[in-house]
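The structure under discussion appears below in the form of structure tokens.
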Amino acid sequence: MNDSRAAGGDGRFLGAVTAAACHDLMNHFATFSQALGLMEDCLAADARTRLRSLGFKGGFEHKERFQELIAMLHGQLERAVGLTEALALAAHSVDREGRDVPPPEAVRALLVLCERLLKRRKVTAVLDTAAPAATPPWPALRQADYLGPVLEVLLACLPHMPMGGELRLACRAGAGALAVTIGPGEGRFSDDARAACLGAARAAGVEVAPGESLTLVFQEQPTSTPASCPPDAGQAS
Amino acid sequence: MRKIKLLLVDDEENFVNTLAERLKMRDVPSKVVYSGEEALEAVKSEVPDVVVLDLRMPGIDGMEVLRKVRQSNPDVRIVILTGHGTDAIEEEAKNLGAFHYHKKPVDIDELLGTVKKAYREKLEDAMVAATFAQAGAFKEAQDILDEDK
């Protein structure tokens with residue numbers, strides 16, 4: 001693992017700043033959400049007034065259009081909240097040991113953040129949630145130790161994926177290591193895709209387990225204790 | 001049934017004022033303050049039944065308000081409503097006696113449900129304590145009230 005940038009001061013700084021910005025965004029989203037809710041409440045109150053006056057009073061001409069727009073904004077807000085949550089989770093990656101966020105959750109957050117990139121080729125990425133029955137404790141890794149390389153492999157693979165294809169990922173723990181398997185939805189990677197993935201993994205200094213599937217192995221680093229970061233970074237607001 | 005005495009504490013003025021307006025439309029009026037200092041003053045001048053409290057605020061932060069109010073008025077129920085707290089922060093707030101922990105943005109009816117539940121629990125505790133006190137069992141009555149601490 002040679003992602004020294006992510007593990008170093010720059011990474012920690014960006015992680016802290018991103019986490020803090022995400023928390024601020026959540027406050028803004030909460031205000032949008034309440035303002036939209038108030039608009040809905042006002043429309044509903046208007047409808048009640050109209051009902052009470054047997055339709056002779058009140059009544060907003062554009063009520064239905066407004067309701068449509070409010071619903072649309074709620075939908076957009078939901079997407080924004082999902083993205084921000086994923087970003088906040090990934091942003092913590094360089095600040096803390098990964099023990100408090102299970103790797104599948106962190107990888108899922110990464111996939112949420114990559115959605116737009118994947119959409120360019122209409123590729124969907126699915127995280128296999130059918131974990132083995134007895135999962136040992138997840139190894140002590142910073143999220144950046146594995147999220148960065150996984151992202152690099154995904155990006156390398158993407159141009160070689162068929163339009164509308166599917167990527168399947170799975171996380172497993174074992175013997176002080178985390179294994180992240182990346183593969184196509186059906187069959188096996190094309191030679192080009194596999195070569196691109198292997199090249200990206202090698203460039204990131206990641207061990208690849210031998211075999212048909214592409215499995216990235218991240219060994220627990222006994223010295224992967226993060227340096228201190230601003231204590232307030234990433235805290236609640 | 002008397003109205004819930006509800007105190008909303010958040011430094012995001014637009015957010016908390018809109019929230020108060022929506023709660024009022026649902027027949028739950030509230031008092032609004034914008035800082036930890038104002039919250040402590042408000043609790044001193046008129047003890048609320050339930051407080052909806054943001055955590056990160058300039059000056060005295062929400063966690064400190066939670067700690068102080070739970071010490072001075074253990075029967076006040078405190079509902080945390082925060083931007084994006086971590087699991088560790090949620091655990092800390094619950095250990096300090098927070099009734100519930102919501103993350104923003106929250107659905108108004110969900111929040112209102114929590115507030116009503118908190119109020120109901122407070123009333124029930126007070127009624128049970130009063131029953132014991134009327135029967136002369138003052139120690140038991142005091143124990144019930146102290147359970148909130």
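Values in this text are rule-based calculations from the coordinates and carry no lab data. It should be emphasised that the depicted structure is a prediction, and the values quoted were computed from it without experimental measurement. Every residue, glycine among them, receives a Cβ derived from its backbone with ideal geometry; neighbour counts consider all protein chains shown.
See the values below:
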| read-out | value |
| --- | --- |
| Separation of the B:Asn95 and A:Ala45 label points, Cα + 7 Å toward Cβ, nm | 4.3 |
| Charge dipole (the range B:1-73, unit charges on Cβ, about Cα centre) - positive-most of B:Met25, B:Ile60, B:Asn14 | B:Met25 |
| Amide H contacts under 5 Å for B:Lys31, placed H, 5+ residues apart | B:Leu6, B:Leu7, B:Leu8 |
| Neighbourhood net charge (12 Å Cβ-Cβ; Lys/Arg +1, Asp/Glu -1) for A:Cys171 | +1 |
| Under Karplus coefficients 6.51, -1.76 and 1.60, residue-wise ³J(HN,Hα) of the range B:52-62 in Hz, glycine/proline x | 9, 10, 7, 8, 8, 9, x, x, 6, 7, x |
| Contact order normalised by residue count of the range A:4-219, Cα under 8 Å, 6+ apart, percent | 18 |
| Formal net charge of residues neighbouring A:Asp128 (Cβ-Cβ distance under 15 Å; K, R +1; D, E -1) | 0 |
| Cβ neighbours within 10 Å from other chains - mean over B:51-57 | 2 |
| Radius 14 Å from Cβ of A:Leu154, net charge of other residues (Lys, Arg +1; Asp, Glu -1) | +4 |
| Set B:Lys3/B:Lys68; B:Lys5/B:Lys122; B:Lys24/B:Lys104; B:Lys3/B:Lys103; B:Lys5/B:Lys44; B:Lys24/B:Lys116 screened for pairs whose C-alpha atoms are more than 22 Å apart | B:Lys3/B:Lys68; B:Lys3/B:Lys103 |
| Loop GluC sites (Glu not before Pro), the range B:31-69 (other Cβ atoms within 10 Å of the site Cβ: 15 or fewer; DSSP) | B:Glu46 |
| Relative contact order of the range A:168-219, defined on C-alpha pairs under 8 angstrom at six or more residues apart (%) | 38 |
| Packing-based ranking, highest mean first, of B:89-95, A:210-216 given that Cβ atoms within 10 Å are counted | B:89-95, A:210-216 |
| Averaged over A:32-40, number of beta-carbon atoms from partner chains that fall within 10 Å | 6 |
| Contact order normalised by residue count of the range B:6-122, Cα under 8 Å, 6+ apart, percent | 23 |
